[in-house]
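The values are calculated or read from the model by the stated rules, or taken from the named source; none is laboratory data. Note that this is a predicted model, so its numbers are computed, not measured. Neighbour counts run over all protein chains shown; Cβ positions are idealised from the backbone, glycine included. SASA here: full protein model, heavy atoms, side chains in, ligands and nucleic acids out. Shrake-Rupley method; radii C 1.70, N 1.55, O 1.52, S 1.80 Å.
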Number of protein chains: 4
Amino acid sequence: MPTQAEITAFLEAEFPQTKCTVDAVGDFGATVRHPVSLAELRPGGTVSGPVLMAVADVALYVAIMGEIGIVPLVVSTSLTVNFMRKPSSTAEIVAVCKLLKLGKNLAVGEVTLYSEGLVEPVAHAVGTYSIPPRKAGTDAGSEA
Amino acid sequence: MPTQAEITAFLEAEFPQTKCTVDAVGDFGATVRHPVSLAELRPGGTVSGPVLMAVADVALYVAIMGEIGIVPLVVSTSLTVNFMRKPSSTAEIVAVCKLLKLGKNLAVGEVTLYSEGLVEPVAHAVGTYSIPPRKAGTDAGSEA
Amino acid sequence: MPTQAEITAFLEAEFPQTKCTVDAVGDFGATVRHPVSLAELRPGGTVSGPVLMAVADVALYVAIMGEIGIVPLVVSTSLTVNFMRKPSSTAEIVAVCKLLKLGKNLAVGEVTLYSEGLVEPVAHAVGTYSIPPRKAGTDAGSEA
Amino acid sequence: MPTQAEITAFLEAEFPQTKCTVDAVGDFGATVRHPVSLAELRPGGTVSGPVLMAVADVALYVAIMGEIGIVPLVVSTSLTVNFMRKPSSTAEIVAVCKLLKLGKNLAVGEVTLYSEGLVEPVAHAVGTYSIPPRKAGTDAGSEA
């Protein structure tokens, strides 16, 4: 399975738009973080909802890659986000993902999002992902 | 109620990150569009999920402003997106929003997202928004 | 494709728990209704959330059967419901479903739920369904 | 705060339709269970989606009552369920709820649903609830 460094390199090459970095990956989960600066804020000094959704999406994607290997064609099929508290305008967003299902065709996971340093989460997401068919013996590995 | 031009000016001033423009607003709905260029694409040549979610969020926000006025502190409380078809990598995203509820404190709306020129939608979203208390007689107007 | 009477007979035989009846089916949609009596109410005199969810689920299921035939092994993969207004304790629930996608393996649809006689919806649902592989030439028909 | 026995008595009196019983409540969570017999099954010998949704709803409601007291007018505002594996047709459904937010007006929680005896969850739900205004000094207690 890919290391944290390999997944980071993949994100930088293939998703140059994202500012997310990977804190941890493996064991059916992942932790990613995203900086917060003016570009992420909206009126009221809060981190915009779409930024939180994008971070949740990356966290789910990284957690799946941690189990099945670097498979670019994994695609989101749904995402539900509940926004619960106003994020800090000065703390990084930290997203902790845990996979609930990793099947042959479909993965489901949940993500709890925090403003770093605060105990109570700012948002929670559940996402589903479609996994493309893979050839046996590729470096994508076998499935859980 | 604000005109399309006033809402566009508000988005440009307060959400300089967004590339969305407003095609239509009013009658408990809105249509917004978003250009698609390299920055919006992900591996496989498809528009990234977070871009679609961000466009849905703007469409809902614009539809609500079309009814209650320019109220910056309207905030998303939830968003559910189903991704249904691969968007075109060369067509703009067009999002058509319809409000399902506009109460004193809470608005609910749905958004159907298209790649311009295609009949079948690429994604569908449902969002809920919290509306802050407003003073009577302000330009935010009275509620539906 | 099955008629309304055939779908009703199927529901009665296979889902004897449901009290739903089918008003209309076809054209990528369905309308179903559910009586409201004491069994459907909860404290406050409102129709319980799970009853509304069950009606939405049947409406989606019927709409899919209207397109692909009576395929018992279609299964829900997700359902998101937003409860928007207090339903009447004395009116039937009417659910209007529209399919957004009907693919080979996955269907997505939305349902707007009303208390009969009221203009504004009481709830809105979006559901996804997994469609089992079908043999060519069966009465399940070919896919849209 | 109410005990497990008091909440059970409340459910029996006010929700006579439900077959759920309460295994545990408190510490911002709850565990409830639901028997599975013919009435809960659908074609294919699986527990019907609406039954799982109803159990998730009760688990969330019980967890909230465990924190704020027996407040009948707490109402669901949204529920998202992902169905992940086929439940056993012979095991009880066990739902483990954890509250993510308990504010003055809104609670958010997640529920993982199991077929008793199986390690991997059969479904996952996230729900939001509206909490009615309460008088200070009532037995509903003060808020978290």
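Some points to look at:
- Residues satisfying the stated conditions in the stretch B:83-99, i.e. closer than 27 Å to D:Val81 by Cβ and in contact with a Lys or Arg (Cβ under 8 Å, 6 or more places away or on another chain): B:Met84, B:Arg85, B:Ala95
- Filter result (part of a strand (DSSP E or B) and farther than 21 Å from D:Lys86 by Cα) within the stretch D:1-41: D:Thr21, D:Val22, D:Asp23, D:Ala24, D:Val25, D:Gly26, D:Gly29, D:Ala30
- Only listed residue being at the interface with another protein chain (Cβ under 9 Å from one of its Cβ atoms) and either within 15 Å of the chain's Cα centre (by Cα) or open to solvent by 20 Å² or more (accessible area, probe 1.4 Å) (or both), chosen from C:Leu118, C:Leu106, C:Leu99: C:Leu106
- C:Ala5 being open to solvent by 10 Å² or more (accessible area, probe 1.4 Å), farther than 19 Å from C:Ser89 by Cβ and of a type in the set (A, V, I, L, M, F, W, C): yes
- Test: residue in the stretch B:125-141 that is touching a strand residue (DSSP E or B) at 6+ places or on another chain (Cβ under 9 Å), at pLDDT 95 or above and surrounded by fewer than 16 Cβ atoms within 10 Å (Cβ to Cβ): no
- Some residue of the stretch D:67-81 being buried (at least 24 other Cβ atoms within 10 Å of the Cβ) and farther than 25 Å from B:Lys101 by Cβ: no
- Taking the conditions (1) touching a helix residue (DSSP H, G or I) at 6+ places or on another chain (Cβ under 7 Å); (2) among the small types (Gly, Ala, Ser); (3) assigned to a loop (DSSP other than H, G, I, E, B) in turn, C:Ser76 satisfies each one other than (3).
- Residue ID - nearest to B:Leu118 (Cα to Cα), chosen from residues in the stretch B:24-41 that are within 12 Å of chain A (Cβ to nearest Cβ) and touching a helix residue (DSSP H, G or I) at 6+ places or on another chain (Cβ under 7 Å): B:His34
- Residue list for the stretch B:121-134, filter: over 13 Å from the mean Cα position of the chain (by Cα) and without any contact (Cβ under 8 Å) to a residue 60 or more places away in the chain: B:Pro121, B:Ser130, B:Pro133
- The stretch C:42-63 - residue that is among the small types (Gly, Ala, Ser), part of a helix (DSSP H, G or I) and in contact with a strand residue (DSSP E or B) (Cβ under 6 Å, 6 or more places away or on another chain) and, of those, nearest to the other protein chains (Cβ to nearest Cβ): C:Gly49
- Of the residues making up the stretch A:34-45, those that are under 20 Å from the mean Cα position of the chain (by Cα) and either surrounded by 21 or more Cβ atoms within 10 Å (Cβ to Cβ) or in contact (Cβ under 8 Å) with a residue 12 or more places away in the chain (or both) are A:His34, A:Pro35, A:Val36, A:Glu40, A:Leu41.
- Residue check for A:Val22: hydrophobic (A, V, I, L, M, F, W, C) and touching a Ser or Thr at 6+ places or on another chain (Cβ under 7 Å): yes
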